[in-house]
Structure formats: C-alpha cells, structure tokens
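Right, one structure below, let's go through it.
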Amino acid sequence: MRVVIVGGTSGIGLATAELLAGEGHEVIVTGRSAERVEAALKRLGDRASGEALDARDVEATRAFFAGLGVVDHVVVTVSGRGQAAGPLRTLTREKLTSAVQDKLVPQLLTAQAALDTLSPEGSLTFVSAASARSSAPGVSGLAAVNGALESVVPGLAVELAPIRVNAVSPGVIDTGWWTGPNEEGKAGVLATAAQGSPTGRVGRPQDVASAIAFVVGNSFVTGTVLTVDGGWRLKA
C-alpha cells in the first residue's frame with residue numbers, strides 16, 4: 001500500500017511514517033523544508049521517499065499529487081503553532097486568521113488536491129486536536145479551528161464514499177509543537193498536563209501513530225473522530 005503523509009517529517013507525522021514503513025508499506029512524506037525531508041528519509045529507509053512542500057501553497061500541493069500516480073491513503077498532519085491559544089480577551093483577528101490559514105485551510109485543500117489520485121478503496125485521515133471538545137480555559141481559539149476540522153468528517157465520509165474519511169484527535173503529545181522560549185518552559189507545561197491525565201503521562205507521537213495506522217488500515221471505519229488523549233478530556 002502507498003501512503004502519503006503530508007507533514008510527515010517530524011512529530012506525529014514522522015512517527016506514523018516510521019510505523020507504516022516498518023510494516024512494509026511504501027511511504028511518501030512531505031515537509032516544509034528540503035533539510036527536514038532529507039533527515040526524515042535517512043530515518044525511514046528504503047520504503048520511503050519525500051518532497052519539500054508547503055501545504056499552504058495550493059498550486060504546489062495540486063502539482064505534487066498530480067505527479068504521484070495512484071495512492072492508497074493520505075494522512076494530513078499539517079498544524080499551526082498554537083497562535084490561537086490563550087484567553088478570549090487576548091485573541092486577535094490576526095491570531096485567529098493565522099490559525100485557520102495554517103491548519104484548517106491547508107488540511108481541507110490538501111484533501112481536495114489528493115482526490116484524483118486516491119484509490120476508491122483508500123482513505124483520507126485528518127489530524128485535529130482534542131481541544132475541539134475540551135472545556136479547559138484558554139483553548140477556545142484552538143477549539144474553533146479543530147472543531148471545524150472535525151465537523152467535516154461525517155459529511156465528507158458520505159460525500160466521498162467509498163473513500164473513507166476519518167480524523168485522529170490527539171491530546172497533549174510530547175512534540176515540537178509545545179516548544180516555547182526554552183526547554184524548561186516546555187517541560188513545565190507537559191508536567192502539568194501529565195498530572196491532569198488519568199494515565200499519569202502525556203502522549204508520545206507513537207501513541208497517535210498507532211491510532212492513525214488503525215483508521216488507515218481498517219476498511220470498515222469511516223466518518224469517525226478517534227480521540228487519543230489519555231483521558232485528558234475527562235478532567236480538563
């Protein structure tokens with residue numbers, strides 16, 4: 001099976017690529033820089049190929065998929081950097097617009113660009129975030145973006161059938177997304193999140209990768225948002 005992972009050179013995307021390539025599947029990854037793609041391919045080995053691509057560039061994304069030939073599955077992990085995080089009073093038009101343009105828009109338009117190359121037995125998998133259904137203070141902006149992304153899944157599953165459409169919704173995962181001014185700051189945020197989780201820890205990229213591999217590989221799952229948050233939503 002051929003799997004394209006847009007945003008597959010770091011974090012959750014790279015962990016997913018490693019898992020699927022390790023299972024013997026052909027993996028094609030993209031990342032924003034040639035350096036990241038090169039580094040990822042060194043880790044992934046002979047089952048992988050890749051190309052530098054900014055998913056916010058609509059024409060480049062269309063050209064990328066047009067040159068691939070038939071693929072079985074597309075996973076879109078594109079994400080912003082938390083511009084819309086914070087209390088409602090601190091949100092600005094610019095932050096909210098940036099969050100939409102960096103995540104919601106490229107995820108949907110990447111899916112659109114992939115349609116003509118996807119096998120009818122294939123799937124689209126979005127990566128959202130558990131903030132979509134969180135009651136924690138300070139996540140309303142993130143919830144708006146991720147909630148919008150998750151809301152399209154059932155409708156697209158019907159519209160695009162028999163292509164399957166799902167989303168995986170991670171909680172707090174130890175990736176570069178949480179990188180702040182310094183490593184101590186990041187460690188503090190993750191430690192606090194771990195205390196609020198019934199599992200007693202934050203997630204690892206591999207936790208989410210295994211969930212993505214499940215929805216990709218299970219031909220009877222569609223229209224589903226699979227939450228992978230260690231139970232964080234139960235206490236947040």
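The values are calculated or read from the model by the stated rules, or taken from the named source; none is laboratory data. What you see is a predicted model; the values in this text were computed from it and never measured. Glycine gets a Cβ as well: all are built from the backbone with ideal geometry, and neighbour counts include every protein chain shown. Side chains are part of the model used for accessible areas, which takes the heavy atoms of the whole protein and leaves out ligands, DNA and RNA. Shrake-Rupley method; radii C 1.70, N 1.55, O 1.52, S 1.80 Å.
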Once you have the Cα-Cα distance between Val189 and Asn218, take 0.36 nm times their residue separation minus that, and quote the gain in nm to one decimal. 7.0 nm
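Taking 25 Å as R0, compute the FRET efficiency from the Cβ-Cβ separation of Arg201 and Ala136 and round it to 0.05.
0.90
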Per DSSP H run of at least 4 residues, take -39500 (n - 2.57); add these up for the chain, divide by its residues and hand me the 222 nm value, nearest 500 deg cm²/dmol. -12500 deg cm²/dmol
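Express in nm, to one decimal, how much length is gained between Arg56 and Lys42 on full extension, taking 0.36 nm for each residue of separation and deducting their alpha carbon distance.
Stretched out fully, the Arg56 to Lys42 stretch lengthens by 2.5 nm.
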Which of the listed residues, Ala193, Gln101, Phe126, is farthest toward the dipole's positive end in the chain, when Lys, Arg count +1 and Asp, Glu count -1 at the beta-carbon? Ala193
Quick check: at a probe of 1.4 Å, how many percent of the accessible area of the chain sits on carbon and sulfur atoms? 55
What accessible surface, in Å², does a 1.4 Å probe find on Thr30, ignoring ligands, DNA and RNA and rounding to the nearest 10? 0
On a 0 to 90° scale, report how tilted helix 205-217 is relative to the longest principal axis of the chain, with both axes built from alpha carbons and the result rounded to the nearest 10. 40
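Counting Lys and Arg as +1 and Asp and Glu as -1, each charge on the Cβ, what is the dipole of the chain about the Cα centre in debye, to the nearest 20?
Computed charge dipole of the chain: roughly 740 debye.
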Ala63: net charge of surrounding residues, Cβ under 15 Å, Lys/Arg +1, Asp/Glu -1, itself excluded? -3
Surface accessible to a 1.4 Å probe, Leu88 within the full protein complex, Å²: 140
In degrees between 0 and 90, to the nearest 10, how far off the longest principal axis of the chain does helix 11-22 point, with axes built from Cα atoms? 40
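Could you give the accessible area per residue of the range 33-129, probe 1.4 Å, as a whole number in Å²? Working shown, then result.
Details: 5030 Å² over 97 residues.
Ligands and nucleic acids excluded, the result is 52 Å² per residue.
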So who's got an amide H within less than 5 Å of the one on Thr227, skipping anything under 5 residues away but keeping other chains? H placed 1.01 Å off N, in plane. Ser169
Given the options Ala111, Ala34, Ala167, which has the most mean-square fluctuation in a GNM of the chain, springs set between C-alpha atoms less than 10 angstrom apart? Ala34
Answer label, with Rg and Dmax of the Cα atoms in Å calculated from the coordinates and candidates (1) 17.2, 56; (2) 16.9, 50; (3) 18.1, 61: (2)
